[in-house]
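Q: Please find one structure pasted underneath; my questions will follow.
Here, each number is a calculation from the coordinates, and none is a lab measurement. Computed from a predicted model, the values in this text were never measured in an experiment. We place every Cβ from the backbone using ideal geometry, glycine too, and count neighbours over all the protein chains shown.
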Amino acid sequence: MTTQTTGEIVTAGFVVIGDEILSGRTKDKNIGYLAEFLTAIGVDLSEVRIVPDIEERIVEAVNALRERYTYVFTSGGIGPTHDDITADAIGKAFGVSVDHDPRAVEILTAFYPKGQLTDARLRMARIPQGAELIENAVSKAPGFRIENVHVMAGVPAVMQAMLDSIGPTLKTGLKMHSTAIDADVPESRIAGALGAIQDGHDGVMIGSYPRSNDGRFSTQIVVRSRDIAAMEAAAEAIRAAVAAHVST
């Protein structure tokens, strides 16, 4: 299946699973990567939830997001240890059983040397009934997709490999374009002008981000729109407003 580009807005939610993320022991690298990956192909990452390794919390998050967005992605909790409970939680969310999938068992059997496919490693072959497998080119243990929910590993290199496999199967929509303007003035000085420009440019989103360097304040302004012409018109108005404030 190849990517289908449509004229609609395609959205996604992301559920990051793991006590280690919430405790700060592991620094998440997957949110930013997924956001960039999806933006580049025309899918809006609209919401991210970070949940602990508690089944009911995973079920709650997945069920909420899969009803709200075109796609849901999850990362974490599909490894070989006792606390890897994502497969069971997804099964519960969809009301289906979870068992060793013959396709996944075959993949792991071919990957591990004879005698090294332990019961713990076989846990990675437990897949909800009716799910499709997601290829893992790095460590072979597959992820899986059930309806609009894509379940991936938490290890960044593995998650990224799974995304490469998923990408061509996704329906994509109108891409969001953006441009950045650096203003050598504090945010407070141009706030009023930015508000007026925002009000006058439908279909454009303007964000301002204050910065400080050695006590000198400046602002980066980001203009986003699915319409390039509208984005550029708003950006030009902002440049003119910035120039007027810099000269005063």
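Q: How do 207-216, 190-199 rank on mean C-beta neighbours within 10 Å, highest first?
A: Details: 207-216: 10.1, 190-199: 15.4.
Result, highest mean Cβ count within 10 Å first: 190-199, 207-216.
Q: Now for a separate question. Can you give the extra length, in nm with one decimal, that the chain gains between A64 and K140 once fully stretched, where that is 0.36 nm per residue apart less the Cα-Cα distance? Let's see the in-between values first.
A: Values: separation 76, 0.36 × 76 = 27.36 nm, distance 2.98 nm.
Additional length available on full extension: 24.4 nm.
Q: Residue-wise, which Karplus ³J(HN,Hα) couplings in Hz belong to the range 42-57, taking 6.51 cos²θ - 1.76 cosθ + 1.60, θ = phi - 60°, and x for glycine or proline?
A: x, 10, 8, 7, 9, 7, 10, 10, 10, 10, x, 7, 10, 3, 5, 6
Q: Here's something else I'd like to know. Could you give me the ³J(HN,Hα) list for the range 137-153, computed from phi with Karplus coefficients 6.51, -1.76, 1.60 and θ = phi - 60°, whole Hz, x at Gly and Pro?
A: 3J(HN,Hα) across the range 137-153, in whole Hz: 6, 8, 10, 6, 4, x, x, 7, 10, 10, 6, 9, 9, 10, 10, 10, 6.
Q: Would you mind giving the three semi-axes, in whole Å and largest first, of the ellipsoid equivalent to the range 177-246 according to its Cα gyration tensor? Each step should come with its number before you reach the end.
A: On the way: eigenvalues 89, 28, 17 Å².
The answer is 21, 12, 9 Å, longest axis first.
Q: Enter the angle in degrees (range 0 to 90, nearest 10) between the Cα long axis of helix 30-41 and the first principal axis of the Cα atoms of the chain, meaning the one along which they spread out most.
A: Once rounded, one gets 70 degrees.
Q: Still on this structure: Of the beta bridges DSSP finds with both residues in the range 8-111, what % are antiparallel, to the nearest 5?
A: On the way: 0 of 13 bridges.
Around 0 percent of the beta bridges assigned by DSSP in the range 8-111 are antiparallel ones.
Q: Under the rule of at least 5 residues apart or a separate chain, name every residue whose amide H is placed under 5 Å from the amide H of T172.
A: Q4, T5, T6
Q: Once amide H atoms are built 1.01 Å from N in the peptide plane, which residues 5 or more positions from G18, or in another chain, come under 5 Å H to H?
A: V51, D53
Q: Sorted by average packing, counted as other Cβ atoms within 10 angstrom per residue and highest first, what order do 66-72, 21-27 take?
A: Details: 66-72: 18.7, 21-27: 11.7.
Descending packing order for the listed peptides: 66-72, 21-27.
Q: In a shell of Cβ-Cβ distance under 10 Å around P186, excluding P186 itself, what net charge do Lys and Arg (+1) and Asp and Glu (-1) give? Numbers along the way, then the final one.
A: Numbers: positive: R189, R211, R216; negative: D184, E187.
That sum, taken over residues with Cβ under 10 Å, equals +1.
Q: To continue, here is another question. How big is Rg to Rh over the chain, alpha-carbon atoms, Rh as the Kirkwood inverse-mean-distance radius?
A: Working: Rg = 22.3 Å, Rh = 20.4 Å.
A ratio of 1.09.
Q: Considering amide H positions built from the backbone, and no H for Pro or chain starts, which residues 5 or more places from F73, or on another chain, come under 5 Å of its amide H?
A: Amide H to amide H, under 5 Å and 5 or more residues apart or across chains, F73 pairs with G13, F14, V15, H150.
Q: Could you give me the radius of gyration and the Dmax of the range 6-141, taking only the C-alpha atoms into account and expressing both in angstrom?
A: Looking at the range 6-141, its Cα Rg and Dmax stand at 15.8, 52 Å.
Q: To continue, here is another question. How many percent of DSSP beta bridges within the chain run antiparallel, rounded to 5? List each step's numbers first, then the result.
A: Numbers: 26 of 45 bridges.
Here the share of antiparallel DSSP bridges comes out near 60 percent.
Q: Could you tell me how many degrees, from 0 to 90 and to the nearest 10, lie between the Cα long axis of helix 156-166 and the main elongation axis, the longest principal axis, of the Cα atoms of the chain?
A: Taking the Cα atoms of the chain, the angle to 156-166 is about 90 degrees.
Q: Here's something else I'd like to know. Output ³J(HN,Hα) for the range 194-200: one whole-Hz value per residue in order, computed from phi by the Karplus curve 6.51 cos²θ - 1.76 cosθ + 1.60 with θ = phi - 60°, and x for Gly and Pro.
A: Taking θ as phi minus 60°, the curve returns 5, x, 5, 5, 4, 4, x Hz for the range 194-200.
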